[in-house]
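The next block holds one structure in the form of structure tokens; read it before the comments.
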Ligand SMILES: [Zn+2]
């Protein structure tokens, strides 16, 4: 388990607890409408636009109004957008590669053997169904054999290695205060609902979700062999225990503040805080090297957990552990009845997704999760043109120059803070496409026909790899996403921006598109990640990735006032029904969206000047400036099911996609000027916000 603050361009799934994202993958045995294949979109796609919409009133509608007619959300998705089209495209490429690797043959490389056999085992649903819960039996026996809660520390440490986050999370992180060091970290955990507030909200939708969750637990326990009445009462007990854990957990908005989740404690201090966790014994069997101190992210949680363990009887703890265990196993390696039941709650009810995804898609995803760089290495060799890497690198450099100019000309920042900001900007590491050194999987055994065992061994391999970093120097070349991933991220401890090969294709980057379109697409993505280094969270880290305040008090005050403007602006957007956008939770992403588009715009103007491009000259009906903004808008074309939208505003630091377009262009008078809007129209308000 990696504990870090990396900020991504998109996709909530990755930032929510691991158990949930794996549970979400449903299963479908029969091909359906979701088997449709998609072609990559062009740099500016006129067919997606609704040109009857007034672009000064609702630019999202103008740029993307036809998207959902052309691309209705497929039944196996909870939302569908520009990113999904590229992800589906990459998924098809990986599918072809994996089918070939699965077909076997003596000529397979070691990586191809692992990729192919992992995938083939996952696809073998007959064997998985035949085995039933047998592969899980040793773990279930271990729970049944617990004689006292004092035996828990060893069991919980073991669970961490196989991604069962009962009661807590344990892992490795870069030390926030000294990014050269890698340390152990102990974090809150143990909930089956997406976030702590799910246990306490009093609105109708929240009450309904809790009722459905308890029913889901009941159904799973019945499948495990419990009689109906016992399953129902056990589910109530589990819900009570999780609610007590939620009560002492920190909410997601608070967790965005690094100082709130950083409390270095010696093992002795942790022992006096939570003696029932027996930290010495826990650490001894955790797989981590010897540690004398660690980050206890949320001491109040462990104080609460300690009290809870003391007051909960052994039988209830065992019931809870059985539930946490089964709920943490990816549905795709469980018998169909369990898989279907997982999907029914986490997919259908929580996200509104009508159908499970095809098995092959889930097995491609599972292989990528388990063997990301082994699969990615083959993917990059076959599918990633070197020209895309070079073009992206050029654009990244242009955008960094733009940010340097932006900082130099800010009228609100003192020269002292500017010097530090420039220092940080120049230290940002640009990582494009794939890692320079590939991860070594030679010690991981993948056995054909053992889907469950492969999953366990891969989890353990990865968690031990993470833990082994503790006390060692940081590998600055490491990546936190696999190469085929259609996403990007900034990591404040590394002070690096990362663009996997998966996102460096059309429409984000397209060699056939105009410069204006490419700057509006991938340029804005690059600007977004770079701005994360300077958003309300990123700005607290310095050039070396250390949490240290490099701002003068007055500059910090100015920054906060500017950020507050965005908190209010975004907090006024209604996402769905009674649910508004959380302006605090989304502040960092909104700041990155706004700064990102501005930087891309500056870099584009500089590029156009260099190349002597006439910005007013129309090409195919649109001026270069119009192309730039429409391309930006089309990054976020898409549609979301209502259940998923509610989940998103309650758990995801990213604003809904319509807001990511309209909220940003509202803050850029250059947009209104390009489209002939008048001050006072919705897309050109008199009082715009600007942080960067
Ligand atoms: Zn982001």
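Every residue in the stretch 158-167 that is in contact with a strand residue (DSSP E or B) (Cβ under 7 Å, 6 or more places away or on another chain) and surrounded by fewer than 23 Cβ atoms within 10 Å (Cβ to Cβ), please. Passing the criteria: none in range. Selection over the stretch 574-583 of residues that are crowded, with 18+ Cβ neighbours inside 10 Å and part of a loop (DSSP other than H, G, I, E, B) gives a count of 3. Inspection of the stretch 147-156 finds no residue satisfying the criterion of being touching a residue at least 24 places away in the same chain (Cβ under 8 Å), part of a helix (DSSP H, G or I) and closer than 27 Å to residue 340 by Cα.
Could you tell me whether the stretch 618-639 includes any residue that is part of a loop (DSSP other than H, G, I, E, B), surrounded by 22 or more Cβ atoms within 10 Å (Cβ to Cβ) and in contact with a helix residue (DSSP H, G or I) (Cβ under 9 Å, 6 or more places away or on another chain)? Yes - at least one qualifying residue is present in the stretch 618-639. Among the criteria (1) out of contact with any strand residue (DSSP E or B) (no Cβ under 6 Å at 6 or more places or on another chain); (2) surrounded by fewer than 16 Cβ atoms within 10 Å (Cβ to Cβ); (3) under 29 Å from residue 532 (Cβ atoms), the one residue 150 does not fulfil is (3).
Those helices (runs of 4 or more DSSP H) of the stretch 348-434 in which 1 or more residues are free of Cβ contacts under 8 Å to residues at least 12 places away in the same chain and under 18 Å from residue 96 (Cβ atoms) occupy 359-383. Scanning for something touching a helix residue (DSSP H, G or I) at 6+ places or on another chain (Cβ under 7 Å) and within 27 Å of residue 541 (Cα to Cα), does the stretch 443-455 turn up at least one residue? No, the conditions are met nowhere in the stretch 443-455. Scan the stretch 640-655 for residues that are farther than 16 Å from residue 588 by Cβ and either in a helix (DSSP H, G or I) or within 16 Å of the ligand (Cβ to nearest atom) (or both) and the total you get is 7.
Look at (1) touching a residue at least 60 places away in the same chain (Cβ under 8 Å); (2) part of a loop (DSSP other than H, G, I, E, B); (3) away from the ligand (no atom under 16 Å from the Cβ) and you find that residue 445 fails only one, number (1). Do the conditions hold for residue 474, that is, is it away from the ligand (no atom under 16 Å from the Cβ), assigned to a loop (DSSP other than H, G, I, E, B) and in contact with a strand residue (DSSP E or B) (Cβ under 7 Å, 6 or more places away or on another chain)? Considered against the rule, which asks whether it is away from the ligand (no atom under 16 Å from the Cβ), assigned to a loop (DSSP other than H, G, I, E, B) and in contact with a strand residue (DSSP E or B) (Cβ under 7 Å, 6 or more places away or on another chain), residue 474 comes out as yes. When every residue of the stretch 570-578 is checked against the conditions, none turns out to be in contact with a helix residue (DSSP H, G or I) (Cβ under 7 Å, 6 or more places away or on another chain), under 26 Å from residue 45 (Cβ atoms) and within 16 Å of the ligand (Cβ to nearest atom). Filter the stretch 505-526 down to residues that are in contact with a strand residue (DSSP E or B) (Cβ under 9 Å, 6 or more places away or on another chain) and assigned to a helix (DSSP H, G or I) and give me whichever is nearest to the ligand (Cβ to nearest atom). Filtering the stretch 505-526 for residues that are in contact with a strand residue (DSSP E or B) (Cβ under 9 Å, 6 or more places away or on another chain) and assigned to a helix (DSSP H, G or I), the one nearest to the ligand (Cβ to nearest atom) comes out as 525.
In the stretch 1-16, the residues that are within 25 Å of residue 468 (Cβ to Cβ) form Cβ pairs under 6 Å with partners that are within 14 Å of the ligand (Cβ to nearest atom) and modelled with pLDDT of 70 or more, at six or more places apart or across chains, as follows: 5/492; 6/480; 6/489; 6/491. The criterion of at least 3 residues that are over 23 Å from residue 238 (Cα atoms) and either free of Cβ contacts under 8 Å to residues at least 40 places away in the same chain or over 30 Å from the mean Cα position of the chain (by Cα) (or both) is met by the following helices (runs of 4 or more DSSP H) wholly inside the stretch 261-344: 267-273, 279-284.
Every listed requirement among (1) touching a residue at least 40 places away in the same chain (Cβ under 8 Å); (2) away from the ligand (no atom under 16 Å from the Cβ); (3) in contact with a helix residue (DSSP H, G or I) (Cβ under 8 Å, 6 or more places away or on another chain) is met by residue 498 save one, (2).
The condition (being in a helix (DSSP H, G or I) and buried (at least 23 other Cβ atoms within 10 Å of the Cβ)) is satisfied by just one residue among 665, 691: 665. Of all residues in the stretch 203-218, none are in a loop (DSSP other than H, G, I, E, B) and over 24 Å from residue 644 (Cβ atoms).
Applying a threshold of 6 Å to beta carbon distances and a minimum spacing of six or more residues, or different chains, the list of pairs starting in the stretch 558-574 at a residue that is over 11 Å from residue 591 (Cα atoms) and ending at one that is at pLDDT 95 or above and surrounded by 15 or more Cβ atoms within 10 Å (Cβ to Cβ) reads 569/689; 571/583; 573/581; 573/659.
Residues are listed down the side, and each one gets a yes or a no for (1) under 17 Å from residue 692 (Cα atoms); (2) over 27 Å from the mean Cα position of the chain (by Cα):
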position	(1), (2)
558	yes, yes
570	yes, no
576	no, no
591	yes, no
595	yes, no
603	yes, yes
618	no, yes
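Checked against the criteria, residue 529 counts as modelled with pLDDT of 95 or more, within 12 Å of the ligand (Cβ to nearest atom) and part of a helix (DSSP H, G or I).
Only residues that are surrounded by fewer than 16 Cβ atoms within 10 Å (Cβ to Cβ) and either touching a residue at least 60 places away in the same chain (Cβ under 8 Å) or in contact with a helix residue (DSSP H, G or I) (Cβ under 7 Å, 6 or more places away or on another chain) (or both): list them for the stretch 228-242, please. Of everything in the stretch 228-242, those that are surrounded by fewer than 16 Cβ atoms within 10 Å (Cβ to Cβ) and either touching a residue at least 60 places away in the same chain (Cβ under 8 Å) or in contact with a helix residue (DSSP H, G or I) (Cβ under 7 Å, 6 or more places away or on another chain) (or both) turn out to be 228, 236.
Residues in the stretch 477-495 that are within 16 Å of the ligand (Cβ to nearest atom), in a loop (DSSP other than H, G, I, E, B) and either touching a helix residue (DSSP H, G or I) at 6+ places or on another chain (Cβ under 7 Å) or over 22 Å from residue 184 (Cα atoms) (or both): 485, 486, 487, 488, 492, 495. When you scan the stretch 591-598, do you find a residue that is surrounded by fewer than 24 Cβ atoms within 10 Å (Cβ to Cβ) and closer than 23 Å to residue 666 by Cβ, even just one? Checked the stretch 591-598: at least one residue is surrounded by fewer than 24 Cβ atoms within 10 Å (Cβ to Cβ) and closer than 23 Å to residue 666 by Cβ.
The values are calculated or read from the model by the stated rules, or taken from the named source; none is laboratory data. No experiment lies behind these values; they were computed from the predicted model shown. Note that each Cβ is placed from the backbone with ideal geometry, even for glycine, and that neighbours are counted across all protein chains shown.
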